[in-house]
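First the structure, in the form of structure tokens, and then the observations on it.
The values are calculated or read from the model by the stated rules, or taken from the named source; none is laboratory data. Just so it is clear, the model here is predicted, and its values are computed rather than measured. All Cβ positions, even for glycine, are placed from backbone atoms using ideal geometry, and neighbour counts span all protein chains on display. In case anyone asks, the SASA skips ligands and DNA or RNA and just uses the protein heavy atoms, side chains included. Shrake-Rupley method; radii C 1.70, N 1.55, O 1.52, S 1.80 Å.
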Amino acid sequence: MHMIETQEGGKEWELWSEKATSLKGKDLLELDAVKAIFFSDSGVTFTVTGNKGRVQVKSKDLRVEGDVVTRSSNGYIFRTESMEYESKSRLLRAVNFVEMLGPRDAEGHSLHLTGVGMKASLADSEMEILSDVRAEKGLDKGRRALIKSHRALFSAKGRTARFLDDVVLDLDSMRITGPEARFEYDAKTDVVKSVYVSGGARVSDSDKWATAQNVSVDFTSNKFVFRGNPRVVQNNDELRGEEIIFLEGGKQVQVQRARAKVDEKRLEKRN
């Protein structure tokens, strides 16, 4: 079976199925071995495949279930047990466990993520993992970034990735926490070049911690830049300034217009 639905003169979705059964009096089609493509106004598409499906003929709503794989046209792959499409809101939805694999970059790395629940909007070409996000991203020189958050947002048009609500990012010996983390990609290679943590960030390792309104981490140079009332505390010594920079992953610290508060007890012991 091959079926096309339109909306305002353009394709809304296109469907293929090895077998379709029409249920009398229910305006319902039951499908076997399903493939459906959903079209957005911006040209982004989502392709959904699964073992079985169901079409509500009047509402144009669909449900696909059984080993469901959803692929965005920019390379994201989602695996779920089921996926539903709501024609009125133009949303794809999954309510259970989700596994996501991001596009490979020029170095062969991809983002691997798990979570619970997802939705993909054809109206704004955005994909969201709804809760319990756990992710891992390969970086250069064999390094890896581990991320936890409540939600995550991805663009189906480009390579924008945002992690939201109680974000925890582990990178080498550093742990970064904050309300939001935005990964920025190189336009030519799709390699992650930096992460920007905003809304009040904290960075810590074994012997020091730092806070600021926002922190930018450059993965290539292994540099951390703190802005917005930044401060660093190490061995009860405190540094403040207009801008604080960690070089070589925190081995060196630079402070613009520094103000220091030194632990007097430690100085007395040294004297």
| query | Setting aside same-chain residues fewer than 8 positions from K251, which lysines have a Cα under 22 Å from its Cα? | reply | K141, K193, K208, K223, K261
| message | In Å, what Kirkwood hydrodynamic radius results for the stretch 151-196 from the alpha-carbon pair distances? | response | 11.4 Å
| field | Set of lysines with alpha-carbon distance to K24 below 28 Å, sequence-local pairs under 8 removed | value | K11, K35, K52, K58, K60, K88
| request: With a 1.4 Å probe and all protein chains in place, put K88, K119, K11, K26 in order of accessible area, largest first. | output: K88, K26, K11, K119
| query | Got a sec? Charge dipole of the chain, +1 on Cβ for Lys and Arg, -1 for Asp and Glu; which of P179, T45, Q213 is way out at the positive end? | reply | Q213
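What number comes out for accessible area per residue over the chain if the probe is 1.4 Å? Units Å², please.
Details: 14150 Å² over 271 residues.
On a per-residue basis, 52 Å².
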| Pick from A181, A161, A106: which residue has the top mean-square fluctuation in a GNM of the chain where Cα pairs under 10 Å get a spring? | A106
| query | Three principal axis extents, largest first, for the C-alpha atoms of the stretch 98-222, in Å? | reply | 46, 29, 22
| message | At 0.36 nm per residue, and after removing the present C-alpha to C-alpha distance, how many nm does the segment from K24 to S173 gain when stretched out fully? | response | 47.3 nm
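From Cα pairs below 8 angstrom and at least 6 apart in sequence, can you work out the relative contact order of the chain, rounded to a whole percent?
The value is 7 percent.
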| field | Intensity falloff of the stretch 173-245 expressed as log10 I(q)/I(0), Debye formula with alpha-carbon point scatterers, at q = 0.13, 0.15, 0.24, 0.26 Å⁻¹ | value | -0.38, -0.49, -1.08, -1.21
| field | Bins of 10 Å, starting at 0 and running to the largest distance - Cα pair percent for the stretch 11-115 | value | 14, 45, 30, 9, 2, 0
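Pulled fully out, how much extra length does the chain show between S206 and V233, if you take 0.36 nm times their separation in residues and subtract their Cα-Cα distance?
Values: separation 27, 0.36 × 27 = 9.72 nm, distance 1.17 nm.
Stretched out fully, the S206 to V233 stretch lengthens by 8.5 nm.
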| remark: In terms of the charge dipole of the chain, which places +1 on Lys and Arg and -1 on Asp and Glu at the beta carbon, the residue among L111, Q7, L101 farthest towards the positive end is L111
| said: Tell me the label only: which of (i) 65, 40, 32; (ii) 93, 34, 32; (iii) 61, 51, 38 is Cα extents along the principal axes in Å as calculated from this structure? | reply: (ii)
| said: Quick check for you: which residues of the stretch 140-175 have the amide N under 19 Å from the point 7 Å beyond the Cα of T220 toward its beta carbon? | reply: 140-145, 159-161
| task | Hey, could you get me the Stokes-Einstein D for the stretch 43-104, Kirkwood radius over alpha-carbon pairs, 10 °C and 1.306 mPa s, rounded to whole µm² s⁻¹? | result | 132 µm²/s
| Carbon plus sulfur fraction of accessible area for the stretch 1-110, probe 1.4 Å, in percent | 46 percent
